[in-house]
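> Starting off with a structure, shown below.
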Amino acid sequence: MRQNKQFRRRTVTVTATVTAMLAGLALSACSAGSTAGGSSGDSAALNVGLVAEPANLDFTKTTGAAIPQALLYNVYETLVKVDQSGKIQPALATSWNVSKDRKTYTFQLVKNAKFSNGAPFTAEDAKFSLDRVKSDWTITLKSRMDALDKVEAVSPTELKVTLKEPSNNWLYWMTTRVGAMFSRTGVSKLATEPVGTGPYVLKNWKRGDSITLARNEGYWTRKPQFASVTFKYFKDPTAMHNALLTGTLNMIGMMEPPDALDRFKNNPKYKITEGSTNAEVLLSFNNGSGPLRNPKARQAVRHAIDHKAMLDTCWAGHGKLIGSMVPPTDPWYEDIPNQFPYDRKKAEKLLAESGQAGKTLRLRVPTLPYANSCGTVLKSQLEQVGFKVKLDQLEFPAAWLTTVFKNADYDMSIIAHLEPRDIGTVFGDKTYYTRYDNPEFRALLKKADQGPQEEQIPTMRAAARLLAKDAAADTLFLQPNLMVAEKGLTGLPVNYVSESLDLTGVARS
């Protein structure tokens, strides 16, 4: 996490009122038309266009970014959250302190929050939620709570968490889905009935079409302006753009493909914002089996890719070329030069030396606009240096998750990893779908997390450089957060730096 003065001290105390916290999230425009603790005078709906629909609503057992994109911060809240700059802020915890040995966190909790099922939120629910990550969650991200030793509800409004070892990452992970707070009486039907403390509740889910959230009229602090938010999912980007032009949508989150911006640039009814994201578009390799288990074959693939041409062709030049899987908003980002620059002759030589020439690479991509566009360009570039490539488009999320993510039945894939600070998740577990197995890399991750705070950044940079050197994957580019919205909407989340598309501060001026 970013190290400010409070976090550099051995004993840390963060105190802020919840109202101040909400005001500090770069979403101050939410005050338009509403008052603290009261209902907004504007009860209109907000309709948002998106591409990837969740397979279900339970992010404790289902991987992928689509569920927390819609539900985290909007329906489920965390003790702490990140603001638009990536800094940790209070949420359901008003303050916290850290012991001198960096192993014990004591949180002071809000007193008046309730779950949407009517149950009060207390420290017992926080303990239940954190313990449940280890006992009931099934997705790989549950490992972010491996550091937990003991969780105690000291009082209804005080929570004490003790870690096995110091962890520089743990508080940050509490801002993600693993820090979501659940009701002790509201987890029986998470796939269809989420129960949270957030400003919105689930109103309706039309599978294959949309998810609608309704304003939580019993919300414990300032309520959002809009009475409802509908996430409308489109398989056809053109249809989504037309829906905005005809007034069916009020905004599009992460415009795909970006060349469609031309339809809105000179129209005074709309505004375009471009911010940063955590969405590394990764050309993932199967490091555990098949042709790309061979390091020279992986290097040949990387030398065969003209990254600038790819970005210009498949994503209209929008985005940033980065040398490893670390976005500029991470504290340990550095501009790593491409260790495998575009060089067709070198790619041909390495392919011949690898012994994999003549073998067919199975490029299996999800049915998402960026993956389809970049997959076509990639296939062409690889074939120009002698690779044989079979491009398969797998329905997303179900088919891609089963074939690629779960079974690792692929040689290459293209997927945007939206989860924040996920370099360790994607490459630190040899059973993950990339099947990357490097003890030195895992040792660096452990050192960065458990070692002195001042060593975290240089150690993480060393891990990123090692990953790039190994050609464990190829980060094609970092997606920008391109949003198109009606001119009157304010408080839009310009930067997409968490797992959540946080719409709680969006208002109409």
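The values are calculated or read from the model by the stated rules, or taken from the named source; none is laboratory data. Please read all numbers here as calculations on a predicted model, not as lab measurements. Ideal geometry is used to build each Cβ from the backbone, glycine not excepted, and the neighbour counts take in all protein chains shown. Accessible surface areas use protein heavy atoms only, side chains included; no ligands, DNA or RNA. Shrake-Rupley method; radii C 1.70, N 1.55, O 1.52, S 1.80 Å.
> Once amide H atoms are placed 1.01 Å from N in the peptide plane, what residues at a sequence separation of 5 or more from SER228, or on another chain, have their amide H within under 5 Å of its amide H?
LEU46, ARG215
> What whole-number distance in Å separates the alpha-carbon centres of region 71-131 and region 345-394?
Value for the Cα centre distance between the two parts: 45 Å.
> For MET460, what accessible surface area do you get with a 1.4 Å probe? Give it in Å², rounded to 10.
10
> Averaged per residue, what accessible area in Å² does the chain show with a 1.4 Å probe, protein chains only?
38
> Work out from phi, with θ = phi - 60° and the Karplus expression 6.51 cos²θ - 1.76 cosθ + 1.60, the ³J(HN,Hα) of each residue of region 84-94, listed in order in whole Hz, and give x for Gly and Pro.
Those phi angles translate into 5, 8, x, 7, 7, 10, x, 9, 6, 9, 7 Hz.
> If you roll a 1.4 angstrom probe over the protein chains with everything in place, what fraction of the accessible area of the chain belongs to carbon and sulfur, to the nearest %?
49
> Out of region 253-316, which trypsin sites (Lys or Arg not before Pro) are coil in DSSP terms and have no more than 10 other C-beta atoms within 10 Å?
LYS265
> Grab the beta carbon distance between ASP149 and GLU124, set R0 = 25 Å, and tell me the FRET efficiency rounded to 0.05.
0.85
> So, one more: For ARG344, put the label point 7 Å out on the Cα→Cβ axis and report which residues of region 364-403 keep their amide N under 17 Å from it.
377-389
> Okay, moving on. Can you give the local net charge around PHE340? Use residues other than it whose beta-carbon is closer than 15 angstrom to its beta-carbon, Lys and Arg +1, Asp and Glu -1.
Charge balance in the 15 Å sphere: +4.
> Then there's this: Counting Lys and Arg as +1 and Asp and Glu as -1, what is the net charge of the other residues whose Cβ lies under 13 Å from the Cβ of ASN278?
-3
> Given the pairs LYS127/LYS189; LYS127/LYS203; LYS189/LYS446; LYS81/LYS142, which are separated by over 25 angstrom at their Cα positions?
Going by Cα-Cα distance, LYS127/LYS203; LYS189/LYS446 fall outside the 25 Å limit.
> Still on this structure, I have one more. For n ≥ 4 DSSP H runs only, could you compute -39500 (n - 2.57) per run for the chain, divide by its residues and tell me the 222 nm figure to the nearest 500?
Value at 222 nm, helices only: -6500 deg cm²/dmol.
> Name the long-range amide H neighbours of LEU361: under 5 Å, sequence gap of 5 or more, or other chain; modelled H, no Pro or chain starts.
LYS388, VAL389, LYS390
> Enter the accessible area of SER380 (Å², nearest 10), with the probe set to 1.4 Å and all protein chains included.
Counting only protein heavy atoms, SER380 exposes about 50 Å² to solvent.
> May I pose another question? Give me, ordered by chain and number, the residues 5 or more places off GLY253 or on other chains with an amide H under 5 Å from its own placed amide H.
It is GLY49, by chain and number.
> Please find the FRET efficiency linking THR192 to LYS320, where r is the Cβ-Cβ separation and R0 is fixed at 60 Å, and quote it to the nearest 0.05.
With a Förster radius of 60 Å, E is 0.95.
> While we're here: Using θ = phi - 60° and the Karplus relation 6.51 cos²θ - 1.76 cosθ + 1.60, list the HN-Hα couplings for region 378-392 in order, rounded to whole Hz, with x at every Gly or Pro.
So the Karplus estimates, Gly and Pro as x, are 4, 4, 5, 5, 5, 5, 5, 10, x, 6, 9, 10, 10, 9, 10 Hz.
> How large is ³J(HN,Hα), in whole Hz, for each residue of region 283-288 in order, when computed from phi with the Karplus curve 6.51 cos²θ - 1.76 cosθ + 1.60 and θ = phi - 60°, using x for Gly and Pro?
Going residue by residue, I get 8, 7, 10, 7, 6, x Hz, with x marking Gly and Pro.
> Here's another thing I want to ask about it. Once you sort the root eigenvalues of the Cα gyration tensor of region 373-473 as a ≥ b ≥ c, which label holds: rounded (a/c under 1.5), prolate (a/b larger than b/c) or oblate (the other case)?
Prolate, because a/c is 1.5 or more and a/b exceeds b/c.
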